[in-house]
Amino acid sequence: MMTFPRPFRPIFCLALALLLLAACARPARQSGSAPFTLAIAHINDTHSNLEPVDTGLSLAGVEVKARLGGYARLKTALDEVRGSEASVLALHAGDAVQGTLFFNEFKGRADFDILNLLGLDAMALGNHEFDSGPELTGKLVEQARFPVVSANIDTSREPALAGRIRPYVVRLFGSERVGVIGAITPSTPQITTRVGQVVFHPAAPAVAVAIAELRAQDVDKIVVLSHLGYGADIALAKAVPGIDVIVGGHSHTLLGDAARLGQLGLTPAGPYPTEVRGPDGGRVLVVQAWRWGVELGVLKLTFDAEGGIAEYTARPMLLAGDDFSRDGKAVAKDSPEQARLVAALTASGVARVVAEDAGVAARIAPYARRLDAFRNAPIGARAVVDLIRGTATDPGPIVADAYLAKAPGAQLALLMPGGLRQDLYQGELTLGMVMGVLPFGNTLVTLNVSGAGFKSALEEAAEFRLKVHPPAGRDLRNIRLFHAGGFTCVVDPARPRGERVSQLLVRGPGGDFAAIDPAATYRLVTNSYLAGGGDGQATLKAVTSGRVDTGYLEHDALAEHLKALGVVQAPARRRVVLGRGGRLSLAPVVTPGALPASGPLAWSSAGFFRFDPVRQDGLAPGRCKDAIKIQSSVLPIH
């Protein structure tokens, strides 16, 4: 049975009663009132990407990097929407900060300086707004020239935020009133360890209370500005009556036309908007604008006389420059190749070239100049392939090896996918790129753990990822669990908690792998976030034996390791293999392949493997060379 903290139980009981009231009817509009048209322009999870982001696309059959997004382009696109629509609601669904050197250096001040230029109507709090503690959160909210909303948090006992966060805001468009309710993921205390005295509640009861209050104010158009994630947004739409639109974030979900996005080599998780029926039978539209400000979502709604959605049109658009690179080399300006790429981009109907707003670009420039010398410093290494998170070339195992290299005597290394925030692309690597991958400033911590304790930590990691960051569409083949150094294992996400991790092998001094000894003691290196209990790591938080915070920054360890490698290639072997139903899982193949006649097969995003516990890594890639090799779609990072 679901339970709530004692202070929250009266709120929940009130919410149950108000749910029934909210479901009954919308407040009556004046007789003969005309339909009302509203355009919602929205972004989410910009993560301190003030400047354009290199993004891999497939254009005209060619794999290229395009420069997408950036606040200067977003400003131009927003102004175009405002110029063509009479009523525009501009929203940000949270996680404005953390993820690039702009945050490391300016601690969100640069982000909010530029956000203030966009003319936002409201922003939801995201979990990463708390990464540096509530004191900084409070300063950023104070800097914002727009309301920051969240209905499901209680800040009354946190001095830095008390009285500063509204549950909702009402925007007026002539005589029309639109309510915007904020919601943040209740898992925030588990995925950032510095929330102070802020209390986080389940979203649905809090949103129901806010809707009832807005209904009492004759507000009949309700937008939930959510930092819950795409799956949770759909669940919220089905659970709470009275919602018209959910503008989401947190899961970095790309939505849209599959055929059109497929022309760019992209695969959406669902349609834009995703239409859901609420418990009252009303239509609820769920939208999200991918990540990092590379896309501006635009949803145009017409409300009928009763305040319901009569019709809508959708225009999400990827915002691109006209500069491209291919195989690590820039495509020449005004060349036939550039013209072909621009034409293919535009022909998709879901992306277009957008000029940068000169004023916003000028405001960003001084911040960027302060970072240039630092972020452009070469580290003496070159990547020969793109290292893309969530694919067969995920840089996570390389980071785990960097942990081990920096912590002599450590046998095991563990980190989580959410700790890696950017990809590493082919070419010369710089310190700025490395810090973009690991921007949090975590230090390396070494611990003594028993074999049984380490398995428990892995079980907790799997449980956390499954509950807090489930894969798109609940397809367990696409789950990303943790990154391993010095060990391999099989994880069956379908099994009960505590029984998912099996065939756990540890690399010995001679390089051979052997089954972990539950009673033996092993030296583990991880980051200070996980060692402090982040991402649900109660086991690691409780370990006191041999605990040493080395003081070494994880991004420095990665830079040193990459320099030592010199030539950086994709990880050669899969260390964490998915099982299914007590056996290793076989991925679907598009066309028949000649599979081996014997031996269990494992699926991973790199393709097929034969599981071979005698091998050092437990895997035998290439044994199924005739099978079709498939790559999973890139999943969101939170």
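The values are calculated or read from the model by the stated rules, or taken from the named source; none is laboratory data. Because the structure is predicted, anything quoted here is derived from the model rather than measured. Every residue, glycine among them, receives a Cβ derived from its backbone with ideal geometry; neighbour counts consider all protein chains shown. Remember, those area values only see protein heavy atoms, side chains included, never the ligands or the DNA or RNA. Shrake-Rupley method; radii C 1.70, N 1.55, O 1.52, S 1.80 Å.
Tabulated data for the structure shown
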| read-out | value |
| --- | --- |
| Within the stretch 90-194, helices (runs of 4 or more DSSP H) holding 3 or more residues that are touching a residue at least 24 places away in the same chain (Cβ under 8 Å) and under 21 Å from S226 (Cβ atoms) | 109-115, 134-143, 188-191 |
| Test for R547: is it farther than 18 Å from A484 by Cα and among the basic types (K, R) | yes |
| Enumeration of residues in the stretch 432-464 that are open to solvent by 40 Å² or more (accessible area, probe 1.4 Å), farther than 15 Å from D54 by Cα and not small (G, A, S) | F440, N448, K455 |
| From G231, G249, residue being under 15 Å from S187 (Cβ atoms), surrounded by 24 or more Cβ atoms within 10 Å (Cβ to Cβ) and touching a residue at least 24 places away in the same chain (Cβ under 8 Å) | G249 |
| Positions within the stretch 252-264 being of a type in the set (A, V, I, L, M, F, W, C), over 18 Å from D95 (Cα atoms) and open to solvent by less than 40 Å² (accessible area, probe 1.4 Å), in sequence order | L255, L261, L264 |
| Enumeration of residues in the stretch 400-429 that are more than 21 Å from G551 (Cα to Cα), open to solvent by 20 Å² or more (accessible area, probe 1.4 Å) and over 21 Å from the mean Cα position of the chain (by Cα) | Q426, E428 |
| Conditions (1) open to solvent by 10 Å² or more (accessible area, probe 1.4 Å); (2) in a loop (DSSP other than H, G, I, E, B); number of the one not met by G242 | (1) |
| Identity of the residue in the stretch 271-293, open to solvent by 20 Å² or more (accessible area, probe 1.4 Å), in contact with a strand residue (DSSP E or B) (Cβ under 6 Å, 6 or more places away or on another chain) and touching a residue at least 40 places away in the same chain (Cβ under 8 Å), that ends up nearest to I184 (Cα to Cα) | W292 |
| Wholly within the stretch 479-581, strands (runs of 3 or more DSSP E) carrying at least 3 residues that are open to solvent by less than 30 Å² (accessible area, probe 1.4 Å) | 483-485, 487-491, 501-507, 521-527, 576-580 |
| Tally of residues being over 30 Å from A484 (Cα atoms) and part of a strand (DSSP E or B) across the stretch 349-399 | 3 |
| Conditions (1) in contact with a helix residue (DSSP H, G or I) (Cβ under 7 Å, 6 or more places away or on another chain); (2) under 23 Å from G308 (Cα atoms); (3) small (G, A, S): number failed by G196 | (2) |
| Residue within the stretch 211-219 that is within 27 Å of W290 (Cβ to Cβ) and either in contact (Cβ under 8 Å) with a residue 24 or more places away in the chain or buried (at least 18 other Cβ atoms within 10 Å of the Cβ) (or both) present | no |
| All positions within the stretch 276-335 that are over 27 Å from Y425 (Cα atoms) and among the β-branched types (V, I, T) | V276, V284, V286, V287, V298, T302, I309, T313 |
| Test set (1) buried (at least 24 other Cβ atoms within 10 Å of the Cβ); (2) free of Cβ contacts under 8 Å to residues at least 60 places away in the same chain - P268 fails condition number | (1) |
| Test set (1) open to solvent by 10 Å² or more (accessible area, probe 1.4 Å); (2) within 20 Å of the chain's Cα centre (by Cα); (3) more than 23 Å from D423 (Cβ to Cβ) - L91 fails condition number | (1) |
| Near pairs, Cβ below 6 angstrom, 6+ apart or cross-chain, from the stretch 327-348 (closer than 15 Å to L68 by Cα and free of Cβ contacts under 8 Å to residues at least 24 places away in the same chain) to any residue that is of a type outside the set (A, V, I, L, M) and open to solvent by 60 Å² or more (accessible area, probe 1.4 Å) | V342/D322; T346/R352 |
| Search result, residues across the stretch 57-88 that are surrounded by 16 or more Cβ atoms within 10 Å (Cβ to Cβ) and either in contact with a Lys or Arg (Cβ under 6 Å, 6 or more places away or on another chain) or without any contact (Cβ under 8 Å) to a residue 24 or more places away in the chain (or both) | V64, V88 |
| Residues (part of a strand (DSSP E or B), open to solvent by 50 Å² or more (accessible area, probe 1.4 Å) and either out of contact with any helix residue (DSSP H, G or I) (no Cβ under 7 Å at 6 or more places or on another chain) or under 17 Å from L78 (Cα atoms) (or both)) located in the stretch 294-348 | K300, A310, E311, Y312, T313, D323, R326, K329, A330 |
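The rows are residues; the columns are (1) farther than 18 Å from P52 by Cβ; (2) under 20 Å from the mean Cα position of the chain (by Cα); (3) open to solvent by less than 10 Å² (accessible area, probe 1.4 Å).
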| residue | (1), (2), (3) |
| --- | --- |
| L101 | no, yes, no |
| K107 | yes, yes, no |
| F130 | yes, yes, yes |
| N152 | yes, no, yes |
| T155 | yes, no, no |
| E158 | yes, no, no |
